[in-house]
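K.L.:
Here it is, the structure in full.
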Amino acid sequence: QVQLVESGGGLVQAGGSLRLACLSSARTFTRYGMGWFRQGPGQEREFVAWISWSGGNTDYVDSVKGRFTISRDNAKNTVYLQMNSLKPEDTGVYYCAATNRPYATDSGIEYDYWGQGTQVTVSS
């Protein structure tokens with residue numbers, strides 16, 4: 001069983017930045033591609049970003065391209081989401097997730113482990 005713990009959420013004004021972190025308990029962290037998802041108030045959960053096991057490949061939803069950056073530090077078993085130029089529509093609970101699939105995926109059902117989420121609120 002892999003446990004994922006997110007941190008770094010909070011309240012920020014529009015145009016500001018936040019950096020989320022997700023610590024994994026996996027003994028072989030590099031087995032997993034990692035993703036970030038979010039769920040806004042009254043909305044479905046949506047894919048935000050994915051990174052390959054090596055960190056060499058990434059994928060983003062169009063709405064965050066150029067503003068968000070996903071990265072990972074395999075020595076620290078941690079994946080990050082740097083969020084810049086935040087907008088009120090970025091508000092939601094952000095979840096990190098781990099997938100055994102060796103390809104980029106934006107489908108939540110292809111992720112095997114999930115964190116408990118961290119709240120991000122962007123005020124206008």
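The values are calculated or read from the model by the stated rules, or taken from the named source; none is laboratory data. Treat the numbers as computed from the prediction; the structure is a model and nothing was measured. Here Cβ is always computed from backbone atoms with ideal geometry, including for glycine, and neighbour counts include all displayed protein chains. The protein model used for the area step is the full one, side chains on, heavy atoms only, and it has no ligands, DNA or RNA in it. Shrake-Rupley method; radii C 1.70, N 1.55, O 1.52, S 1.80 Å.
K.L.:
In whole percent, and with a 1.4 Å probe on the protein chains, what portion of the accessible area of region 1-99 is carbon and sulfur? Please list the in-between numbers first.
P.N.:
On the way: 2180 of 4900 Å².
Taking all protein chains in place, region 1-99 shows 45 percent carbon and sulfur surface.
K.L.:
Can you work out ³J(HN,Hα) from phi for every residue in region 40-45, in order, using Karplus 6.51 cos²θ - 1.76 cosθ + 1.60 and θ = phi - 60°, giving whole Hz and x for Gly and Pro?
P.N.:
Result, ordered by residue: x, x, x, 10, 6, 5 Hz.
K.L.:
Then there's this: Alpha carbon centre of region 28-51 versus region 89-124: separation in Å?
P.N.:
Each part reduced to its Cα centre gives a spacing of 2 Å.
K.L.:
Which peptide among 106-114, 2-10 comes first, and what is the full order, when sorted by highest mean count of other Cβ atoms within 10 Å?
P.N.:
Details: 106-114: 14.8, 2-10: 16.4.
The packing order, highest mean first, is 2-10, 106-114.
K.L.:
Each residue of region 100-107 in order: what ³J(HN,Hα) in whole Hz does its phi give by Karplus 6.51 cos²θ - 1.76 cosθ + 1.60, θ = phi - 60°, with x for Gly and Pro?
P.N.:
7, 5, x, 9, 5, 9, 9, 9
K.L.:
Now for a different question. Rolling a 1.4 angstrom probe over the protein heavy atoms, how many square angstrom per residue are accessible across the chain? It would help to have the intermediate numbers written out before the result.
P.N.:
Values: 6340 Å² over 124 residues.
On a per-residue basis, the chain sits at 51 Å².
K.L.:
I'd like the trypsin sites (Lys or Arg not before Pro) in region 24-78 restricted to DSSP loop residues with at most 12 other Cβ atoms within 10 Å, sorted by number.
P.N.:
Hits after loop and neighbour filter: ARG27, LYS65.
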